[in-house]
1. Specify the residue that is surrounded by the fewest Cβ atoms within 10 Å (Cβ to Cβ); the eligible residues are those in the range 272-289 that are modelled with pLDDT under 95 and either more than 10 Å from the ligand (Cβ to nearest atom) or under 14 Å from the mean Cα position of the chain (by Cα) (or both).
2. Give just the number: which of (1) more than 16 Å from the ligand (Cβ to nearest atom); (2) surrounded by 19 or more Cβ atoms within 10 Å (Cβ to Cβ) does residue 6 not satisfy?
3. Within the range 250-271, which residues are in contact (Cβ under 8 Å) with a residue 24 or more places away in the chain, more than 12 Å from the ligand (Cβ to nearest atom) and assigned to a helix (DSSP H, G or I)?
4. Return yes when residue 185 is over 30 Å from residue 67 (Cα atoms) and within 28 Å of the chain's Cα centre (by Cα) and no when it is not.
5. State whether one or more residues within the range 225-241 are in contact with a helix residue (DSSP H, G or I) (Cβ under 9 Å, 6 or more places away or on another chain), closer than 30 Å to residue 107 by Cα and in a loop (DSSP other than H, G, I, E, B).
6. Scanning for something within 16 Å of the ligand (Cβ to nearest atom), in contact with a strand residue (DSSP E or B) (Cβ under 9 Å, 6 or more places away or on another chain) and closer than 30 Å to residue 289 by Cα, does the range 75-85 turn up at least one residue?
7. Which of the strands (runs of 3 or more DSSP E) found entirely inside the range 54-127 contain at least 3 residues meeting this: assigned by TED's automatic domain parsing to the domain that holds residue 144, touching a helix residue (DSSP H, G or I) at 6+ places or on another chain (Cβ under 7 Å) and surrounded by 15 or more Cβ atoms within 10 Å (Cβ to Cβ)?
Ligand code: ADP
């Protein structure tokens with residue numbers, strides 16, 4: 001059997017891509033796509049030429065998170081053209097190919113693998129500093145084939161996103177072992193939804209009166225705090241929401257000998273940026289989640 005012509009085509013296509021980074025998670029809903037989207041925004045804002053490839057074929061959320069809902073892919077003689085957010089930030093997703101976003105994609109493995117292959121082989125990215133690849137959760141068929149396809153071209157590594165609880169961490173351990181098995185370097189683990197943080201001024205305070213009715217006493221409480229302790233103004237209050245019975249992602253990373261990149265708090269601002277399809281580093285740059293994301297990305 002001779003060399004696979006598809007692999008040769010992928011290798012050729014990826015020649016103009018300097019760095020390839022996978023974003024993985026063990027479970028869905030932990031913030032993997034949010035991280036991939038914001039990482040791409042951050043790299044683009046640092047004047048890098050960035051491509052974001054969404055191969056989460058059954059749940060493509062990248063178009064919405066980049067503010068590109070309803071956009072379509074065009075074809076040229078060079079290949080499929082990504083949809084551009086900015087000149088230096090192009091996006092490719094199956095989400096752009098579905099006539100109805102409410103329609104479920106029910107595909108078997110071979111068809112999914114075929115599309116992933118096409119995404120790697122037929123998209124005309126041009127010269128890229130970074131290709132960020134958002135993958136489906138778990139260690140499914142798609143991962144195995146993607147690992148095979150990318151092996152030929154070399155991938156810089158994977159960033160693994162998890163939430164703090166053991167139910168998520170257990171699956172992430174599998175994910176990291178998968179990476180080790182297929183020879184993909186783990187660039188690091190990110191703990192997302194790690195506690196809830198708000199600046200004091202962002203809280204509302206309520207008090208239940210003798211009649212059982214709730215009264216908003218925010219102004220009163222804040223005025224009292226300012227009067228006696230003005231230095232508390234910038235204070236951030238934190239509380240755990242998802243309980244890390246096993247010590248969370250940091251301990252797991254230490255146990256498995258992979259880098260821990262940091263924690264991103266649960267923060268309504270990040271969910272808002274994702275819903276609006278915007279970068280959290282421009283309009284919301286002082287939010288706790290944006291500051292934490294920035295610190296994490298710096299370490300990558
Ligand atoms: P996944 O890709 O792992 O399935 P998503 O990135 O789609 O997860 O995130 C799931 C939901 O959680 C989204 O609505 C997203 O806006 C929200 N989300 C992710 N991270 C945070 C966070 N740190 N704070 C608040 N909401 C978040």
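1. Per the criteria, the residue is 286.
2. Unmet condition: (2).
3. Scanning the range 250-271 gives 250, 252, 253, 256.
4. The answer is yes for residue 185.
5. Among the residues of the range 225-241, not one is in contact with a helix residue (DSSP H, G or I) (Cβ under 9 Å, 6 or more places away or on another chain), closer than 30 Å to residue 107 by Cα and in a loop (DSSP other than H, G, I, E, B), which makes the answer no.
6. We begin by selecting, within the range 75-85, every residue within 16 Å of the ligand (Cβ to nearest atom); these are none.
No, that holds for no residue.
7. Working: elements: 74-76, 79-81, 83-86, 89-93.
Those strands (runs of 3 or more DSSP E) span 89-93.
Residue-wise test of (1) touching a residue at least 60 places away in the same chain (Cβ under 8 Å); (2) buried (at least 18 other Cβ atoms within 10 Å of the Cβ); (3) assigned to a helix (DSSP H, G or I).
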site	(1), (2), (3)
155	yes, yes, no
158	yes, yes, no
167	yes, no, yes
190	yes, yes, no
193	yes, yes, no
210	no, no, no
215	no, no, no
223	no, no, yes
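The values are calculated or read from the model by the stated rules, or taken from the named source; none is laboratory data. Not measured: the values here are computed from a predicted model. Counting neighbours? That spans all protein chains shown, and the Cβs are built from the backbone with ideal geometry, glycine included.
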